[in-house]
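Engineer: This is the structure, below, for whatever I ask next.
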Amino acid sequence: QAVLTQPPSASATPGQRVTISCSGSSSNVGSNTVSWYQQVPGTAPKLLIYNDHQWPSGVPDRFSGSRSGTSASLAISGLQSDDEADYYCAAWDDSLNGYVFGTGTKVTVL
Amino acid sequence: VQVLESGGGLVQPGGSMRLSCAASGFIFSSSAMSWVRQAPGKGLEWVSTITGSGGNSYLADSVKGRFAISRDNSKDTLNLQMSSLRPEDTAVYYCAKALLQSRGYYSYMDVWGSGITVTVSS
């Protein structure tokens, strides 16, 4: 029951930049900050970006986030092979009074 | 800083199961906590969040009336009581340390457990 819409896949060659979009509504992305999670298949998700654009300790600044209106985006620059993973956006939804995740985007390094 | 889930396994449809999450390395009573699940081959689905004091809790519509979240701050433990389980509840369940501030304006999950599998099947 994902409420936030992401492209199912994205790809690029090593060293290039890839951008993932996250489309929501006025009750979630339009009202509250967005976080991003990276999940390598078979492992637990990892917080990548919080409060739209802030990095937790240990996350390289190759990852950057932004939010405008009811959309948010995650950019990965200098793509590396270990960036291959699934990426999810998330935000609190005021109407649902709960947390909502995006549909997820699989990033492939060509 | 870590959280560790326990209590998963196989349960028949209509049955009940209790998941627990042991926290360490942070001030548990000051942190909101959440459960997130992931069905096989599917994306992440938020299940429930409880504030640090336990005074407020939130449940996804998909589990409302069947699941209950609770915490014991004296034992640094989070619980998820699941009843009337359905096959569609089959998933890996993750416990996560969360932040929920300013009525949801600031929210994220910064520490995740490795997950525990719940299988609902006859």
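All of the numbers you see were taken from the coordinates with simple rules; none came from a lab. It should be emphasised that the depicted structure is a prediction, and the values quoted were computed from it without experimental measurement. Neighbour counts run over all protein chains shown; Cβ positions are idealised from the backbone, glycine included.
Engineer: Which ordering of A:VAL59, B:VAL1, A:VAL29, A:VAL100 is given by a fewest-first count of other beta-carbon atoms within 10 Å?
Structural biologist: Final ranking by Cβ density, sparse to dense: B:VAL1, A:VAL59, A:VAL100, A:VAL29.
Engineer: What nm distance separates the two modelled labels at B:LEU10 and A:TRP55, each placed 7 Å from Cα along Cα→Cβ?
Structural biologist: Simple spin-label model gives 4.6 nm for this pair.
Engineer: Still on this structure: Would you order B:LEU10, B:LEU100 from fewest to most other beta-carbon atoms within 10 Å of each residue's own beta-carbon?
Structural biologist: B:LEU10, B:LEU100
Engineer: Here's another thing I want to ask about it. Once you put a point 7 Å from the Cα of A:VAL40 and another 7 Å from the Cα of B:TYR106, both along the Cβ direction, what distance in nm separates them?
Structural biologist: Label-label distance for A:VAL40 and B:TYR106, simple model: 3.0 nm.
Engineer: Relative contact order for chain B: what is it in percent, counting Cα pairs under 8 Å that are at least 6 residues apart? Intermediate results must be reported in sequence, preceding the final value.
Structural biologist: On the way: 302 pairs, mean separation 42.7, N = 122.
35 percent.
Engineer: Please give the average number of partner chain Cβ atoms lying within 10 Å of the Cβ of each residue in A:84-97, rounded to a whole number.
Structural biologist: Rounded to a whole number, the mean comes out at 3.
Engineer: What FRET efficiency do you get for A:SER21 and B:ALA39 if R0 is 35 Å and r is their Cβ-Cβ distance, rounded to the nearest 0.05? Walk me through the intermediate numbers first.
Structural biologist: Numbers: r = 24 Å, r/R0 = 0.68.
Using R0 = 35 Å, I get an efficiency of 0.90.
Engineer: Separate question: Once the Cβ-Cβ distance between B:VAL1 and B:SER83 is put in as r, and R0 is 22 Å, what FRET efficiency do you end up with, to the nearest 0.05?
Structural biologist: Computed FRET efficiency for B:VAL1 and B:SER83 comes out at 0.10.
Engineer: Suppose R0 equals 45 Å. What FRET efficiency, 1/(1 + (r/R0)^6) with r the Cβ-Cβ distance, do A:SER77 and B:LYS64 give to the nearest 0.05?
Structural biologist: 0.65
Engineer: Still on this model: Please rank A:ASP61, A:ASP86, fewest neighbouring Cβ atoms within 10 Å first, as an exposure proxy.
Structural biologist: A:ASP61, A:ASP86
Engineer: Here's another thing I want to ask about it. Quick check for me: using +1 on Lys/Arg Cβ and -1 on Asp/Glu Cβ, what's the dipole size of chain B about its Cα centre, in debye to the nearest 20?
Structural biologist: Working: 10 positive and 8 negative charges, 31 e Å.
Dipole of chain B, to the nearest 20 debye: 140 debye.
Engineer: Enumerate by residue number the chymotrypsin sites (Phe, Trp or Tyr not before Pro) in region B:1-102 meeting two conditions: DSSP loop (anything except H, G, I, E, B), and at most 15 other Cβ atoms within 10 Å of the site's Cβ. Kindly include the intermediate steps, with their values, before the conclusion.
Structural biologist: On the way: sites: B:PHE26, B:PHE28, B:TRP35, B:TRP46, B:TYR58, B:PHE67, B:TYR93, B:TYR94; in loops: B:PHE26.
Filter output for region B:1-102: B:PHE26.
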